[in-house]
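The values are calculated or read from the model by the stated rules, or taken from the named source; none is laboratory data. What you see is a predicted model; the values in this text were computed from it and never measured. Because the Cβ atoms are built from the backbone with ideal geometry, glycine has one as well, and the counts that use them run over all protein chains shown. Protein only, heavy atoms only, side chains kept; ligands, DNA and RNA dropped before computing areas. Shrake-Rupley method; radii C 1.70, N 1.55, O 1.52, S 1.80 Å.
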Amino acid sequence: MDCSLGCARIATRRGLCGPCYDFKRRHGHVLPSLLVMPSEMERFAENVMVADQPHPILKTHCMLWVGATDRYGLMWFRGRPHKAHRVAWTLKRGPIPKGKHVLHHCDNPPCVNDEHLFLGNHRINMEDAAQKGRIARGERHPKSKYTEILITQLRKARTEGCSNSQISGTFNVPEGTLGNILCGRSWAHLLRKD
């Protein structure tokens, strides 16, 4: 619901937005300057800059958020903070369905070009990230203790008939970790390569 004074902000208290309510409570009236508020689209556009070069695959320019960021752009929108790419989607294409994520074709977090955005769920987001090599796994993971060569040796020893306790002792790998590796709960990406 919009502010009853027509300032284009969302009403939060007694039919008024926060600034109008606070000013009226303190002074008994509302200044006309409070009622002049740029539209959501104007506020959004003030924080966008077109990238110098077009995206090499999409062939269109990213529109970069230059306002507040946390890797993704941030914007105060309809009474609370939102990611700028989600605001871009809402302004151009309407509400985001519950449980959906707004994802980037361009893999550029500050991009708010609605042509570079698409909807998906968490699973699609993770599959997209894995397909594009943005998820660190195996040796690339910063907490990895083992190498792909060692994992291959562990699996080879198991196929040759060695017991888990023999493999664990020989390679100095805890049995629980070894079990996870051998059944594919960890290092599963190597199973797909074979």
| remark: Quick count over the stretch 37-56, residues being surrounded by 15 or more Cβ atoms within 10 Å (Cβ to Cβ), outside any strand (DSSP E or B) and hydrophobic (A, V, I, L, M, F, W, C), is 2
| request: Taking only the stretch 136-163 into account, find how many residues are of a type in the set (Gly, Ala, Ser) and in a loop (DSSP other than H, G, I, E, B). | output: 4
| task | Working carefully through the options Glu115, Glu127, find the one that is open to solvent by 90 Å² or more (accessible area, probe 1.4 Å) and touching a residue at least 24 places away in the same chain (Cβ under 8 Å). | result | Glu115
| query | Quick one: what pairs do we get from the stretch 38-63, first residue touching a residue at least 24 places away in the same chain (Cβ under 8 Å) and of a type in the set (S, T, N, Q), second part of a strand (DSSP E or B) and open to solvent by less than 50 Å² (accessible area, probe 1.4 Å), C-beta under 8 Å, 6+ apart or different chains? | reply | Asn47/Trp65; Asn47/Gly73; Asn47/Met75
| request: List the number of the failed condition for Arg155; all other conditions in (1) basic (Lys, Arg); (2) surrounded by 17 or more Cβ atoms within 10 Å (Cβ to Cβ); (3) free of Cβ contacts under 8 Å to residues at least 24 places away in the same chain hold. | output: (3)
| field | Asp70 vs. criteria in contact with a Lys or Arg (Cβ under 9 Å, 6 or more places away or on another chain) and touching a residue at least 24 places away in the same chain (Cβ under 8 Å) | value | no
